[in-house]
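**Q** First the structure, then my questions, so here it is.
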Amino acid sequence: MSERKPVVPAEGNHECHQPADQIGQERRGAQGFHAGDGDSPVRGGRCASDGDEQTDLLKQGAHVRRVEEKLRGEDMTKRIVVCGDDFGMNADIDEGMIALAAMGRLSAVSCLAQGPTLAANAPRLAGLDADIGLHINFTEAMDASDAGLPSLSRLILRAYARRLDPAWVDQRLARQFDAFEAAFGRAPDYVDGHQHVHQLPIIRERLVRLLKQRYGASMPWVRQTSPGMLSGIPLKESIKARIIGALGAGEFGRQAGQAGLRTNRRLLGVYGFEGGRRRYADLLQNWLFNARDGDLLMCHPAKDCQEGSAMARQRRAEYDVLASPKLGDWLAANGTRIARLSTMPAGAQARPGVTPRRQAAAS
């Protein structure tokens, strides 16, 4: 089945060429996160304005698309996973994700098993309606035993040079799975990687081997990092999304399929962790427009950040946007709802054994 397109096609992927369905009502919603809230405006207003004519276009286009889908007998709602990363890193991150999951704004939460706040906050997370995953970590020092961990760039180089010690990889994986199971009393619903390290050579092979040995027929699902559609996404973010996918998505997807592991369809949510609420709101609306059934939108929210780093401020900006009542309008306008991958039928997930390139051609 071919991918559905905007009623009025976008001119390209430049940040000022937004999909037509996002001009008007949705973009006016994003304007609520403006410079007056302490965030810089996006590119000084060179993009489309918010006139009444464009608002009517949005309403008319959305109606036409829904009627067409009904006539074809299609499900009008796209189910996506909204996944918060780094639970257990600090209390602000944990509080933000617990609050968002309770609001139904997150359907998956990725946990750093050896994070300093995980044990204390795991029971509160466990009672919420969200998939809980293990965020495997090979680059971030969580305790004294992590001294000497490589940087991400060094880890990538060593992985592709086949110079990672398999015994070291196995030991780190086992410790993190043990810690997760101790905190939650069960296996993770899914597995992904801090900085996407789960898809790197040697790590991916050892991870798939561990999942098969440890969980047998009840293996968790795993995150696929092939980029989703990039219509309207700025060039810098588009390049970053493609680089992440190029670092191992194809081969990891192939190995996962051969092992019978389920995955999400594609990955959304990649950006440079900057720009404040206004920019994140604009990007989020593009990701929702581009989303297809079974895609995963990653995010990194936090609440009441006490540290003053730029990353901490951006985490708070993500929280504010995801917690906003406007998100419900944006989801509805794009025919999208937030769902748990573990509750979706197999058809909403990537096809086992199909590489991302071939899957795109088949969809």
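**Q** Given Q171, Q176, which one is touching a strand residue (DSSP E or B) at 6+ places or on another chain (Cβ under 8 Å), closer than 19 Å to A141 by Cβ and assigned to a helix (DSSP H, G or I)? Outline the logic, then answer.
**A** Working: Q171 fails: touching a strand residue (DSSP E or B) at 6+ places or on another chain (Cβ under 8 Å).
Q176 is the lone residue from the list that is touching a strand residue (DSSP E or B) at 6+ places or on another chain (Cβ under 8 Å), closer than 19 Å to A141 by Cβ and assigned to a helix (DSSP H, G or I).
**Q** Across the range 115-137, what is the number of residues that are in contact with a Cys (Cβ under 9 Å, 6 or more places away or on another chain), of a type outside the set (A, V, I, L, M, F, W, C) and either assigned to a helix (DSSP H, G or I) or farther than 20 Å from R172 by Cβ (or both)?
**A** Of the residues in the range 115-137, 1 are in contact with a Cys (Cβ under 9 Å, 6 or more places away or on another chain), of a type outside the set (A, V, I, L, M, F, W, C) and either assigned to a helix (DSSP H, G or I) or farther than 20 Å from R172 by Cβ (or both).
**Q** With (1) of a type outside the set (S, T, N, Q); (2) touching a residue at least 60 places away in the same chain (Cβ under 8 Å); (3) assigned to a helix (DSSP H, G or I) as the list, and M229 as the residue in question, which single condition is left unmet?
**A** For M229, the exception is condition (3).
**Q** Can you name every residue in the range 241-264 that is in contact (Cβ under 8 Å) with a residue 24 or more places away in the chain, under 30 Å from R313 (Cα atoms) and either charged (D, E, K, R) or out of contact with any helix residue (DSSP H, G or I) (no Cβ under 8 Å at 6 or more places or on another chain) (or both)?
**A** The answer is A241, and nothing else.
**Q** Going residue by residue through the range 225-233, is there one that turns out to be in contact with a helix residue (DSSP H, G or I) (Cβ under 9 Å, 6 or more places away or on another chain), of a type outside the set (V, I, T), over 24 Å from L327 (Cβ atoms) and modelled with pLDDT of 95 or more?
**A** Here is the first cut: in the range 225-233, the ones in contact with a helix residue (DSSP H, G or I) (Cβ under 9 Å, 6 or more places away or on another chain) are 225-233.
Narrowing further to those that are of a type outside the set (V, I, T): 226-232.
Pick out the ones that are also over 24 Å from L327 (Cβ atoms) and you get 226.
Still in the list and also modelled with pLDDT of 95 or more: 226.
Scanning the range 225-233 turns up at least one residue that is in contact with a helix residue (DSSP H, G or I) (Cβ under 9 Å, 6 or more places away or on another chain), of a type outside the set (V, I, T), over 24 Å from L327 (Cβ atoms) and modelled with pLDDT of 95 or more.
**Q** Step by step: first the residues of the range 294-342, then only those that are more than 19 Å from A130 (Cβ to Cβ), part of a loop (DSSP other than H, G, I, E, B) and acidic (D, E), then the one that is nearest to the chain's Cα centre (by Cα). Which residue is that?
**A** D304
**Q** Additional query: So, in the range 101-138, exactly how many residues are buried (at least 21 other Cβ atoms within 10 Å of the Cβ), under 17 Å from F184 (Cβ atoms) and not small (G, A, S)?
**A** 13
**Q** May I pose another question? For the range 249-282, which positions are surrounded by fewer than 23 Cβ atoms within 10 Å (Cβ to Cβ), hydrophobic (A, V, I, L, M, F, W, C) and closer than 27 Å to M344 by Cα?
**A** Across the range 249-282, the qualifying residue is only A259.
**Q** Follow-up question, since we're still on this one. What are the residues in the range 189-225 that are within 20 Å of V82 (Cα to Cα) and in contact (Cβ under 8 Å) with a residue 60 or more places away in the chain, if any?
**A** D189, Y190, D192, H194, V197, H198, P220, W221, R223, Q224
**Q** Another question, if that's okay. Please verify whether the range 139-148 includes one or more residues that are surrounded by 13 or more Cβ atoms within 10 Å (Cβ to Cβ) and either within 26 Å of T343 (Cβ to Cβ) or at pLDDT 95 or above (or both).
**A** Yes, because at least one residue in the range 139-148 is surrounded by 13 or more Cβ atoms within 10 Å (Cβ to Cβ) and either within 26 Å of T343 (Cβ to Cβ) or at pLDDT 95 or above (or both).
**Q** If you take the residues in the range 265-284 that are assigned to a helix (DSSP H, G or I) and hydrophobic (A, V, I, L, M, F, W, C), which one is nearest to R313 (Cα to Cα)?
**A** To start, the set of residues in the range 265-284 that are assigned to a helix (DSSP H, G or I) comprises 276-284.
Now drop any that are not hydrophobic (A, V, I, L, M, F, W, C), which leaves 281, 283-284.
Numbers: A281: 15, L283: 17, L284: 17 Å.
Top of the filtered list is A281.
**Q** Just checking, does the range 235-242 include any residue being surrounded by fewer than 23 Cβ atoms within 10 Å (Cβ to Cβ) and polar (S, T, N, Q)? Show your work before the answer.
**A** Initial filter on the range 235-242 (surrounded by fewer than 23 Cβ atoms within 10 Å (Cβ to Cβ)): 235-242.
From the residues that got through so far, the ones that are polar (S, T, N, Q) too are 238.
Checked the range 235-242: at least one residue is surrounded by fewer than 23 Cβ atoms within 10 Å (Cβ to Cβ) and polar (S, T, N, Q).
**Q** With respect to A246, determine if the residue is under 24 Å from Y160 (Cα atoms), surrounded by fewer than 24 Cβ atoms within 10 Å (Cβ to Cβ) and at pLDDT 95 or above. Give the derivation first.
**A** Working: under 24 Å from Y160 (Cα atoms): yes; surrounded by fewer than 24 Cβ atoms within 10 Å (Cβ to Cβ): yes; at pLDDT 95 or above: yes.
In short, yes.
The values are calculated or read from the model by the stated rules, or taken from the named source; none is laboratory data. On a predicted model such as this, the values are computed, not experimentally measured, just so you know. All Cβ positions, even for glycine, are placed from backbone atoms using ideal geometry, and neighbour counts span all protein chains on display.
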